[in-house]
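Trainee: Take this structure, written in structure tokens, and hold onto it; I'll ask about it next.
The values are calculated or read from the model by the stated rules, or taken from the named source; none is laboratory data. All values reported here derive from a predicted model rather than from experimental measurement. Every residue, glycine as well, gets a Cβ built from its backbone with ideal geometry; the counts of neighbours run over all protein chains shown.
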Amino acid sequence: MSLKNDNSFNELSIEKIDKRLDEICSKDSEKEFYKKLESSGFSRRDFLKWTSFITAALMLPPAFESRVARAAAIKERVPIIWLHMAECTGCTESFLRTQEPSIASLIFDHVSLTYHDTLMMASGKRVEEHLENAVKKYEGKYICVVEGAIPTKDNGIYLTIGSKGETGLSRVKRITAKAKYNLAFGTCSAFGGVQAARPNPTGAKGVHDAIGIEIVNVPGCPPSSTNMVGTLLHILLFDKIPPLDMFRRPLWAYGSRIHDYCERRAHFDAGEFVEEWGDEGAKKGWCLYKMGCKGPLTYNNCPRYRFNQGTNWPIGAGHGCIGCSESDFWDNMAPFEEPNDKAGIRIPGGKGVEATSDEIGTVAAGVTAAAIGIHAAGSVIRAKSSKTNEKESK
Amino acid sequence: MSEYKKVYEWTVAIRLLHWITFIAIAVLTFTGFYIASPFWFVHIPGTKEAYNTFSMANIRLIHFISAYIFIFAIILRFYLAFFSRVDADWKEFMFRWFNIKEMISTLKNYLTFKPYGIKGLKSKYNPVQSLAYLAFMLVSVLQILTGIILYTMNDNSIRSVSIVQKIFFPMITSFGGYANIRITHHILTWFFIIFFIAHIYMVIAHESGEKNGSSASMFSGYKYEKK
């Protein structure tokens, strides 16, 4: 498996993909899928609308729409093992517990989810057996999705799973090693998330940092379902991972900055800022930069695809971005409702005392000015006394 | 009255670079604080139309233009320090503080409230000065690098990551992400402010102590020494 960053879609000829899809698709599974769609209240038209949306989101040409539709209907051939580590299940929740199940979540049910702690009916010993069997049966074929950070301190003892008390660290090592593709869904598994925030007592890390494997990060707190399903569909379609940026995030989703595609960007350039919650500017939908929006520092596609079936997104709802798809955002982006220049900097040796960069600067400049004042006064006194000394000696 | 003689101290290139750098830093500092937290020219609701204020975009433009000027001024200063025919002063400009003997005598003068008339100095810059200038050059480089990282953030696109961002990626991760790069950029601004304050004081102190027209020499190029 090569996870190298190649951006060449040219070599992926459509014939090749058709051939691949012919191999892994069956008419029966497609029929079954459409039946399921209908029983959930989606027409075929709804489904095709959704396919063209996701094709556009994946930055693929329109010729791929029908192929994406076929890939979405694939069943059984691509088993997924979904591991829960130190996390809140928010990624799963946001994905599956929408008010009305979206097509994305339906497809997700449809792709063979071999193992998923939250969704499984079974429990206890049977689950453990099931996991072992699945790993054995689909060795080298399955997609391993990790949700949640891995505590690494003291050999990972702060997270144990199952009746045998296996640590999360050893479980992740064991299961990702035999997977064909590894995906990290959510900021926790990508970068550590809230568990890795200072002082990080459990030594929690993202999967890549914890065990050093190559992985596709789909960060966000939670990531939008478009990003999760899109990454999965890309792998089903092309049998290779999408082009990644330097933090191993798929470029089609995390290639552009929130700030650059923000619906309030024009107000930023015009100098129109919300000064406090609920003021006239807030009512007019002005820029939230002064209210601590971290959009200028964050790469994600929320402004374009939004959350909850495209209903809205944080900035649209009137709160600034908190930068949840960036690494260590709990530490770096805080305070969330203050501009970045109000961020506290820990003073080394100050026992957790924090000061903003301007406070540090003002104090340093003040000390300099005071030192200069003392020095100047000293110099003047010295010059005067040396003059009087000269006079006296004359 | 003793006689004075004219001594050519600063070449045209050095003088020009000095004032260009000063103007660039002054503009960059003000516009930088504005970008960090916009305080003036912001649109007050109901006063005018949006198209009348384009303050943030304009100030960012000024910031970036001055940044380019600053970058080339610093590059030129390095070039002069190492390769110039007449101003190749990198040993004195940045590394005179290796000379411990002069360092001690300079510090002696400074700490006994006599920031002038240091005896036994053989270079244009005294050791304390050269230490300050080394710090200035290093901080300038760091400030330029962090600035370039922030400036090219929007060059990352869905097609690919920009080359500049790829080059600086080790730096971004070692700082711990973009937010820290930005805070570093902000706090380094204060170095320039403090450098400015101390620089002005030292110029005045030397001028009033040695009475050799050293502050005017940055305009005219000439210093006056007793015969």
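For (1) surrounded by 14 or more Cβ atoms within 10 Å (Cβ to Cβ); (2) among the charged types (D, E, K, R), each residue gets a yes or a no:
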site: A:Gly323; (1), (2): yes, no
site: A:Asn340; (1), (2): yes, no
site: A:Pro348; (1), (2): no, no
site: A:Thr356; (1), (2): yes, no
site: A:Thr362; (1), (2): yes, no
site: A:Ala365; (1), (2): yes, no
site: A:Ala383; (1), (2): yes, no
site: A:Asn389; (1), (2): no, no
site: A:Glu392; (1), (2): no, yes
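Trainee: Under 8 Å between Cβ atoms, at least 6 apart or on separate chains: pull out the pairs that start in the stretch A:295-317 with a residue that is aliphatic (A, V, I, L, M) and end on any residue that is at pLDDT below 85 and outside any loop (DSSP other than H, G, I, E, B).
Mentor: Going by the 8 Å Cβ cut-off, the qualifying pairs are A:Leu297/A:Asn340.
Trainee: When the residues of the stretch A:336-376 are filtered to those that are within 16 Å of B:Leu188 (Cα to Cα) and aliphatic (A, V, I, L, M), which remaining residue is farthest from the chain's Cα centre (by Cα)?
Mentor: For the stretch A:336-376, the residue satisfying everything is A:Ala365.
Trainee: Which numbered condition in (1) more than 27 Å from A:Leu119 (Cβ to Cβ); (2) modelled with pLDDT of 85 or more is the only one that A:Phe47 fails?
Mentor: (1)
Trainee: Filter the stretch A:365-394 down to residues that are β-branched (Val, Ile, Thr) and within 11 Å of chain B (Cβ to nearest Cβ) and give me whichever is nearest to B:Ile194 (Cα to Cα).
Mentor: Taking the candidates together, the pick is A:Thr368.
Trainee: Shifting gears a bit: Does A:Lys36 count as closer than 20 Å to A:Val78 by Cα, at pLDDT 80 or above and over 31 Å from the mean Cα position of the chain (by Cα)?
Mentor: For A:Lys36, the condition - closer than 20 Å to A:Val78 by Cα, at pLDDT 80 or above and over 31 Å from the mean Cα position of the chain (by Cα) - is not met.
Matching residues to (1) closer than 26 Å to A:Gly212 by Cβ; (2) among the aliphatic types (A, V, I, L, M); (3) at pLDDT 85 or above:
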site	(1), (2), (3)
A:Cys88	yes, no, yes
A:Met121	no, yes, no
A:Gly140	yes, no, yes
A:Val146	yes, yes, yes
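Trainee: So A:Pro199 fits all but one of (1) closer than 24 Å to B:Ile158 by Cα; (2) without any contact (Cβ under 8 Å) to a residue 40 or more places away in the chain; what number is the exception?
Mentor: A:Pro199 satisfies every listed condition except (1).
Trainee: Continuing with the same structure: Can you pull out the residues in the stretch B:17-58 that are aliphatic (A, V, I, L, M), under 26 Å from B:Arg77 (Cβ atoms) and within 11 Å of chain A (Cβ to nearest Cβ)?
Mentor: Within the stretch B:17-58, B:Ile35 is the sole residue that qualifies.
Here's the yes/no breakdown for (1) facing chain B (nearest Cβ under 9 Å); (2) surrounded by 19 or more Cβ atoms within 10 Å (Cβ to Cβ):
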site	(1), (2)
A:Thr226	no, yes
A:Cys287	yes, yes
A:Met291	no, yes
A:Tyr299	yes, yes
A:Asn312	no, no
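Trainee: Which members of the stretch B:172-192 meet the condition of being surrounded by fewer than 16 Cβ atoms within 10 Å (Cβ to Cβ) and of a type outside the set (Gly, Ala, Ser)?
Mentor: Matches in the stretch B:172-192: B:Thr173 only.
Here's the yes/no breakdown for (1) in contact with a Ser or Thr (Cβ under 8 Å, 6 or more places away or on another chain); (2) among the charged types (D, E, K, R):
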{"residue": "A:Ile345", "(1), (2)": "yes, no"}
{"residue": "A:Pro348", "(1), (2)": "no, no"}
{"residue": "A:Glu359", "(1), (2)": "no, yes"}
{"residue": "A:Thr368", "(1), (2)": "no, no"}
{"residue": "A:Arg382", "(1), (2)": "yes, yes"}
{"residue": "A:Lys394", "(1), (2)": "no, yes"}
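Trainee: Which one is farthest from A:Phe191 (Cα to Cα) among residues in the stretch A:146-171 that are acidic (Asp, Glu) and surrounded by fewer than 20 Cβ atoms within 10 Å (Cβ to Cβ)?
Mentor: A:Glu166
Trainee: Still on this structure, please answer the following. Against the condition closer than 24 Å to A:Gly378 by Cβ and either assigned to a helix (DSSP H, G or I) or more than 7 Å from every other protein chain (Cβ to nearest Cβ) (or both), how does B:Ile187 come out, does it pass?
Mentor: Here the answer is no, as B:Ile187 does not meet what is asked.
Trainee: Please specify each residue of the stretch A:242-265 satisfying the condition of being more than 15 Å from the chain's Cα centre (by Cα), under 17 Å from B:Val161 (Cβ atoms) and either assigned to a loop (DSSP other than H, G, I, E, B) or modelled with pLDDT under 90 (or both).
Mentor: Of everything in the stretch A:242-265, those that are more than 15 Å from the chain's Cα centre (by Cα), under 17 Å from B:Val161 (Cβ atoms) and either assigned to a loop (DSSP other than H, G, I, E, B) or modelled with pLDDT under 90 (or both) turn out to be A:Pro242, A:Pro243.
Trainee: Moving to a separate point now. Taking the stretch A:16-33 as the search range and keeping residues that are of a type outside the set (Ser, Thr, Tyr) and either part of a loop (DSSP other than H, G, I, E, B) or under 13 Å from A:Ile103 (Cβ atoms) (or both), which one is modelled with the highest pLDDT?
Mentor: A:Phe33
Trainee: Suppose we filter the stretch B:215-227 for residues that are closer than 14 Å to B:Ile14 by Cβ, part of a loop (DSSP other than H, G, I, E, B) and without any contact (Cβ under 8 Å) to a residue 40 or more places away in the chain; how many remain?
Mentor: Result for the stretch B:215-227: 0.
For every residue, the table says whether it meets (1) in contact with a helix residue (DSSP H, G or I) (Cβ under 7 Å, 6 or more places away or on another chain); (2) within 12 Å of another protein chain (Cβ to nearest Cβ).
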site	(1), (2)
A:Pro296	yes, yes
A:Ile315	yes, no
A:Pro348	no, no
A:Ser357	yes, yes
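Trainee: Please work out if B:Val42 is buried (at least 16 other Cβ atoms within 10 Å of the Cβ), touching a helix residue (DSSP H, G or I) at 6+ places or on another chain (Cβ under 7 Å) and in a loop (DSSP other than H, G, I, E, B).
Mentor: Judged against the criteria, B:Val42 is a match.
Trainee: Further question on the same structure: Quick check on my filter: what residues within the stretch B:152-171 are under 27 Å from A:Leu58 (Cα atoms), more than 8 Å from chain A (Cβ to nearest Cβ) and not in a loop (DSSP other than H, G, I, E, B)?
Mentor: Selection gives B:Asp155, B:Ile163, B:Val164, B:Ile167.
Trainee: So, of the residues in the stretch B:96-146 that are out of contact with any Gly (no Cβ under 8 Å at 6 or more places or on another chain) and among the small types (Gly, Ala, Ser), which turns out to be farthest from the other protein chains (Cβ to nearest Cβ)?
Mentor: Residue satisfying both the conditions and the ranking: B:Ser123.
Trainee: Between a residue in the stretch A:265-276 that is within 13 Å of A:Pro339 (Cα to Cα) and at the interface with chain B (Cβ under 7 Å from one of its Cβ atoms) and any residue that is buried (at least 22 other Cβ atoms within 10 Å of the Cβ) and among the aromatic types (Phe, Trp, Tyr), which pairs come within a Cβ distance under 7 Å, given they are 6 or more apart or on different chains?
Mentor: Listed pairs, sorted by first residue: A:Phe273/A:Trp286; A:Phe273/A:Tyr289.
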